[in-house]
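One structure below.
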Amino acid sequence: MSDPERSAADERRARRERRAREQLAHPARLIAVGFGLAVFTGTVLLSIPFATERGERASFVDALFTGTSSVCVTGLAIVDTGGEWSTFGEVVIMLLMQVGGLGIMTLATIVAMILSRRLGLRARLLVQAETRTLRLQDVRVVLRGIILYSLCVEVVVTAILTVRFATHYDMSWGRAAYDGLFHAISAFNSGGLSLYSDGMSRFVRDPIVSLTVSLAVLLGSLGYLVFFELRRNWRRPREWSVFTQLTLGVTAVLVVLGTTLLTVAEWKNPRTFGPLDVPDKLIAGFFASVMPRSGGLNSVDIGGMSDESLLVQTALMFIGGGSASTAGGIKVTTFGLLAFVIWAEMRGEAKVVIGRRAIPEANQRQALAVALLGIGLVMTGTLVLLGLSDYPLDRVLFEATSAFGTVGLSTGITPDLDRAAQLVLVALMFVGRIGPLTLASALALRERDRRYEYPEERTIVG
């Protein structure tokens, strides 16, 4: 290559680097546009007559709702996934869930890398110098790592489910492999959609299927950043970042607490855990506790659960899973950080300390903003849905929280809502998918030091 050609190639590479940095400097715009285009593409593909079993064009709302639910890896459905959509339509849904899961994990991980110092994350993946500079080759390495992590988990889960389906459920190996792949992608990416009309209820007494799907959801809800850090420092917990400590610690507490509360509440319920043996009840309780991480699959009838269980699952869905993962909600890091803020305030401590590290006040304000945004969206969505339907508050609140948390669990009222109410859920799914991440990144990028200070004045609180 001659010198002029080499110079021209260097100039083109520099322009690409500059455009990439400009895009990554505004992640909110990138996230919103990316998911919007994915939803549009999914809606168009599902509107093709060939996408339905009956060979007729699906209604616009059915295609839009299913496309949004798939891309935002929510799992709410207004039609039977296995009965309404043809093999082509199911493959489209599978690809949309894969793109949605990889997309949110990739974008969230890159944003976390950009903001690593400001958020206090010691996730020194690739960027060591400046928090706002990210080269194209760095993005490629991150994307390659996330894809490898995702595919490894999905391949293992697919293999386990395929063997189980073929050897214990009278399926051909081809059908077992197809069903195993669909549910592996749905579980790891927190898609929440199933090819079976009863979700995973037919496997409630099967510990291998239930535990495999549950672990896939947990791995997806932890995210690549946690996996990357554990791979390097799993023997030295004291060196883990605050992010990893919060993600693992709060997730473990919520899973154990949720399993205990749900198992006790449903132990004698004839519509859910009542007919099961003791080991099956414990596994069903674990499954029901993990799915609000944003998994969205169910092994018992959610509509048959007690009010206490619905309240517990609503709270778990609102919290969601880990940051920079496939999960939704306000995230366990946000919830955990706010819990430490409350604990420090109760003890009269001036600093919030987690794992021998002080948390900046800006980080605390960001967590509070994300939590309040989530509460506002769920409250608004619930209020609108109450006005558009005749269902009681507990059912409507459950559906609204499930949509915002991109979970997909349902008491069964979603298909019976009118079109306007279903479009409200579409909006909640989309905003719930991109809202917390967009807000958190926007707040962090706007952080700046003020060159002057106003006099302080305390107000009455409480």
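At-a-glance table
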read-out: Elements of type helices (runs of 4 or more DSSP H) contained in the range 132-246, each with 1 or more residues being farther than 21 Å from V73 by Cα and modelled with pLDDT of 90 or more; value: 136-168, 173-188, 207-222
read-out: Selection from the range 371-419 of residues that are of a type in the set (D, E, K, R) and within 25 Å of V217 (Cα to Cα); value: R395, E399
read-out: Unique residue being part of a helix (DSSP H, G or I), of a type in the set (G, A, S) and open to solvent by 30 Å² or more (accessible area, probe 1.4 Å) when the list is A284, A252; value: A252
read-out: Yes/no for L310 being in a helix (DSSP H, G or I) and either farther than 25 Å from I185 by Cα or of a type in the set (D, E) (or both); value: yes
read-out: Tally of residues being surrounded by fewer than 18 Cβ atoms within 10 Å (Cβ to Cβ) and touching a Cys at 6+ places or on another chain (Cβ under 9 Å) across the range 32-69; value: 0
read-out: All positions within the range 340-354 that are of a type in the set (A, V, I, L, M, F, W, C) and either in a loop (DSSP other than H, G, I, E, B) or surrounded by fewer than 16 Cβ atoms within 10 Å (Cβ to Cβ) (or both); value: I342, W343, M346, A350, V352, V353
read-out: Evaluation of T333 against (1) open to solvent by 10 Å² or more (accessible area, probe 1.4 Å); (2) modelled with pLDDT under 90; (3) touching a Leu at 6+ places or on another chain (Cβ under 9 Å) (one fails), failing number; value: (2)
read-out: Sole residue being among the small types (G, A, S), in contact with a Phe, Trp or Tyr (Cβ under 7 Å, 6 or more places away or on another chain) and open to solvent by less than 40 Å² (accessible area, probe 1.4 Å), chosen from S294, S289, S221, S214; value: S214
read-out: Identity of the residue in the range 228-249, surrounded by 19 or more Cβ atoms within 10 Å (Cβ to Cβ) and among the aromatic types (F, W, Y), that ends up farthest from the chain's Cα centre (by Cα); value: W240
read-out: Neighbours by Cβ (under 6 Å, 6+ apart or cross-chain): first from the range 354-366, within 13 Å of F340 (Cβ to Cβ); second open to solvent by 70 Å² or more (accessible area, probe 1.4 Å) and part of a helix (DSSP H, G or I); value: I354/F340
read-out: Conditions (1) over 24 Å from T158 (Cβ atoms); (2) in contact (Cβ under 8 Å) with a residue 60 or more places away in the chain; (3) open to solvent by 40 Å² or more (accessible area, probe 1.4 Å): number failed by L276; value: (3)
read-out: Options I283, I302; residue that is within 25 Å of L195 (Cβ to Cβ) and at pLDDT 95 or above; value: I283
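The values are calculated or read from the model by the stated rules, or taken from the named source; none is laboratory data. Please read all numbers here as calculations on a predicted model, not as lab measurements. All Cβ positions, even for glycine, are placed from backbone atoms using ideal geometry, and neighbour counts span all protein chains on display. Only protein heavy atoms, including side chains, enter the accessible area calculation; ligands, DNA and RNA are left aside. Shrake-Rupley method; radii C 1.70, N 1.55, O 1.52, S 1.80 Å.
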